[in-house]
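Please read the structure below before turning to the comments.
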Amino acid sequence: MHTIKITDRFFTNYRDLVREKMIPYQYKVLNDEIAVNIERERNDNSIPNEKSHCLENFRIAAGLRNGEHYGWQFQDSDVYKWLEAVSYSLMEKPDDNLKAIADSVVDLIALAQEEDGYISTYFQLKCPERKFKDLAWSHELYCAGHLMEAAVAYYEATGSEKVLAVARKNADCICRYFGTGKGQTRGFDGHEEVEIGLMRLYHLTGDENYLQTAVYFLDERGQNPDIFIEQSATEHDGKPDLSGILSFPKTYFQIHKPVLEQDTAEGHAVRMMYLATAMADVSLTTGNKKLYEACKKIWHNVVDRRMYITGGVGSSVIGESFTFDYNLPNDTMYCETCASVALMFFAQNMLLNEARGEYADVMERALYNTVLDGMALDGRHFFYVNPLEVTPEASAKDPGKSHVKPVRPEWLGCACCPPNLARLLASLDRYAFHEKDGIVFADLFMNAKAEFPGLTVEEETEYPWQGNVMFSLKTTTAGSDAKSACEIRMFAVRIPGWTAYTTCNAGTSTGRCTVEGEEAVRITLNGKPLVADSKICGKAAMLKDGYLYLTGPFEDDVLKLEFAMPVIKMSAHPFVRADNGKIAVMRGPLVYALESIDNGTGLNRLFLRDDTAFTWQFRTDLLNGVGIVKGKGYRIPDTAGRVWQEYPAEDSQAPLYAPYSSDLETKAECVELTWIPYFAWANRGINEMSVWIRQK
């Protein structure tokens with residue numbers, strides 16, 4: 001066992017926000033206690049937006065109230081994710097009042113559960129005859145997976161077995177119902193998640209049924225690509241499927257091939273990432289190398305060809321889906337918050353399989369950009385979709401961009417993202433370090449104290465604003481077990497992949513690299529320069545797969561890393577049509593964005609030249625304290641070009657098209673541009689935003 005305590009100012013602010021604002025606010029919304037404006041994610045009148053009704057659905061299912069179910073068939077999962085977030089918050093800081101509220105929710109869930117273990121308020125209240133008969137769209141197993149995850153977390157936080165008993169009873173029901181045995185039904189949920197929940201239960205309880213059922217669901221997926229169509233025809237007595245979901249292609253559900261044969265990220269992005277997360281967990285747990293190889297193929301397809309620079313995934317509103325390689329539009333994309341949360345889950349499980357810095361790099365990219373972008377700085381407004389370019393008028397008037405919001409809504413008709421974000425941020429300590437085979441790995445950088453059997457690590461840093469990171473290492477003996485002091489034999493720290501953007505090769509034998517005469521990574525141990533593949537004070541150092549390894553034992557040793565953090569102009573692969581001729585600005589792990597509140601309207605008329613120089617400064621008075629980038633840019637005026645100079649701006653008689661004139665650029669005015677961190681945009685009212693800007 002190990003403990004990790006985050007003391008980092010940057011993330012403590014977020015975790016305090018989760019505990020003090022998000023969790024109480026979300027409970028009130030789920031309980032219909034406050035009136036909020038619930039927005040539909042897009043122009044679709046079928047999306048419920050009158051109220052949440054989540055907890056009321058449980059009360060009705062429990063027989064405590066009269067009424068009808070309201071909302072999506074997967075609405076129960078909002079409660080389960082909220083409970084999981086509460087669990088992690090209680091681990092960080094006990095709160096008797098919050099625990100009492102959570103206990104009342106646990107009691108309600110237990111009352112709603114049926115005797116055989118089944119629980120899904122939608123089917124219990126609306127169509128009990130259809131239980132497990134509409135797997136393409138029912139989300140029964142999806143909700144069950146979230147119940148299992150919440151139950152494990154709540155047990156770990158409080159020691160209470162009540163909700164764990166509910167989850168196990170539900171899992172036992174599922175294990176009995178599904179499989180290839182006599183009397184069992186062959187099938188799986190249209191939305192992956194139960195596999196993750198079953199694995200969480202297995203890791204806690206050791207019950208082999210949970211592991212085997214998770215393996216079964218993975219193995220069964222894709223064996224019969226027509227399974228949902230066949231079930232619909234059989235179970236609906238030949239009547240048409242009312243959900244309409246079967247009109248989506250088989251790739252939407254990831255059922256077009258068996259999972260071992262899937263080598264590209266297809267379909268609904270959250271489903272795909274949840275599937276990959278479960279695959280990576282099962283491969284690690286069972287030692288299934290073929291499954292891990294399949295995971296790697298999916299991973300590289302996502303990261304190398306289908307992921308946005310912000311760590312967003314899902315490039316189409318249709319099906320909230322992946323599309324094809326290098327298709328990464330900026331103003332019609334989807335990039336659902338849940339998809340980036342799920343990408344972090346996938347990345348962490350890949351990291352547990354194999355310590356490669358690239359996995360933690362993506363985990364970091366998603367966290368600092370798209371994940372944090374999913375929540376406003378007040379903790380009470382949320383993005384479902386995380387765009388890279390926004391024009392408010394287009395969002396309001398273009399049906400194809402109705403999902404692209406210029407500000408975060410108070411709540412969402414499909415409210416999966418807010419509690420998903422809450423549970424991730426509340427559990428962030430679980431992503432900072434991991435231990436495997438006697439090695440402690442520092443994966444994310446934040447002020448923290450970690451205690452492992454045999455090793456204490458104290459980390460100090462001003463990341464992500466500054467690149468200085470210091471680790472104090474001390475070998476310890478846990479209790480009277482002297483053997484535990486030998487369990488941790490090495491410490492490894494990630495050399496961030498973004499240092500390579502400074503033309504650094506983190507694999508050089510010196511462990512150092514330069515950019516414009518400045519060392520991009522400078523490493524010292526006890527004040528002495530550390531060179532890879534050498535020894536200092538008896539400590540051997542080695543660079544491998546993006547990590548710097550240092551051998552123990554440690555006695556008050558101090559390891560310092562100094563990462564240069566210049567502002568970098570990034571470009572996309574030439575095959576990414578949307579970004580040809582454009583650049584994005586990064587510094588360290590953060591992607592930066594332009595907003596019209598700082599730079600005036602018409603961001604599309606801005607461009608940079610090759611000689612643009614950037615400056616960076618930290619502003620305590622802006623957006624709760626952020627670093628900003630400034631640089632010289634150019635704006636094409638409204639009347640640029642010989643023809644348009646003859647007309648006043650916005651003159652209705654001005655021609656829409658005219659012969660090209662170099663005046664369009666030579667008449668451009670020089671302006672000072674300001675970039676803010678992408679995660680902080682849309683906190684100052686409705687305005688334009690763009691991550692990419694043209695480069696001349």
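The values are calculated or read from the model by the stated rules, or taken from the named source; none is laboratory data. Just so it is clear, the model here is predicted, and its values are computed rather than measured. Virtual Cβ from ideal backbone geometry, glycine too; neighbours counted across all protein chains shown. What goes into the accessible areas is simple: the full protein's heavy atoms, side chains included, and nothing from ligands, DNA or RNA. Shrake-Rupley method; radii C 1.70, N 1.55, O 1.52, S 1.80 Å.
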ask   = Just checking, which of Val629, Val585, Val591 is in a strand (DSSP E or B) and touching a helix residue (DSSP H, G or I) at 6+ places or on another chain (Cβ under 9 Å)?
value = Val591
ask   = Just a yes or no: is a residue in the stretch 125-147 of a type outside the set (Ser, Thr, Tyr), within 14 Å of Asp103 (Cα to Cα) and part of a loop (DSSP other than H, G, I, E, B)?
value = no
remark   = When every residue in the stretch 306-342 that is hydroxyl-bearing (Ser, Thr, Tyr), in a loop (DSSP other than H, G, I, E, B) and under 17 Å from the mean Cα position of the chain (by Cα) is compared, the one surrounded by the fewest Cβ atoms within 10 Å (Cβ to Cβ) is Ser315
query = Quick check: is even one residue across the stretch 590-597 of a type in the set (Gly, Ala, Ser), open to solvent by 10 Å² or more (accessible area, probe 1.4 Å) and touching a residue at least 24 places away in the same chain (Cβ under 8 Å)?
reply = yes
remark   = With the first residue restricted to the stretch 567-580 and required to be in contact (Cβ under 8 Å) with a residue 12 or more places away in the chain, and the second required to be surrounded by fewer than 15 Cβ atoms within 10 Å (Cβ to Cβ) and not in a loop (DSSP other than H, G, I, E, B), Cβ contacts under 6 Å at 6 or more apart or on different chains are none
ask   = Thr251: surrounded by fewer than 24 Cβ atoms within 10 Å (Cβ to Cβ) and more than 30 Å from Ile676 (Cα to Cα), yes or no?
value = yes
Where Ile597 falls short, out of the listed (1) β-branched (Val, Ile, Thr); (2) modelled with pLDDT of 95 or more; (3) in contact with a strand residue (DSSP E or B) (Cβ under 8 Å, 6 or more places away or on another chain) = (3)
inquiry  = I want to confirm something. Restricting to the stretch 378-413 and keeping residues that are of a type in the set (A, V, I, L, M, F, W, C) and more than 17 Å from the chain's Cα centre (by Cα), which single residue is surrounded by the most Cβ atoms within 10 Å (Cβ to Cβ)?
reply    = Val404
remark   = For the stretch 252-305 the number of residues that are part of a loop (DSSP other than H, G, I, E, B) and in contact (Cβ under 8 Å) with a residue 24 or more places away in the chain is 11
inquiry  = Looking at the stretch 139-156, can you tell me whether even one residue there is open to solvent by 10 Å² or more (accessible area, probe 1.4 Å), farther than 25 Å from Tyr25 by Cβ, among the charged types (D, E, K, R) and touching a residue at least 12 places away in the same chain (Cβ under 8 Å)?
reply    = no
ask   = Within the bounds of the stretch 93-105, is there any residue that is in contact with a Lys or Arg (Cβ under 7 Å, 6 or more places away or on another chain), among the aliphatic types (A, V, I, L, M) and at pLDDT 95 or above?
value = no
Count of the stretch 177-228 residues which are outside any helix (DSSP H, G or I) and either open to solvent by 10 Å² or more (accessible area, probe 1.4 Å) or not charged (D, E, K, R) (or both) = 20
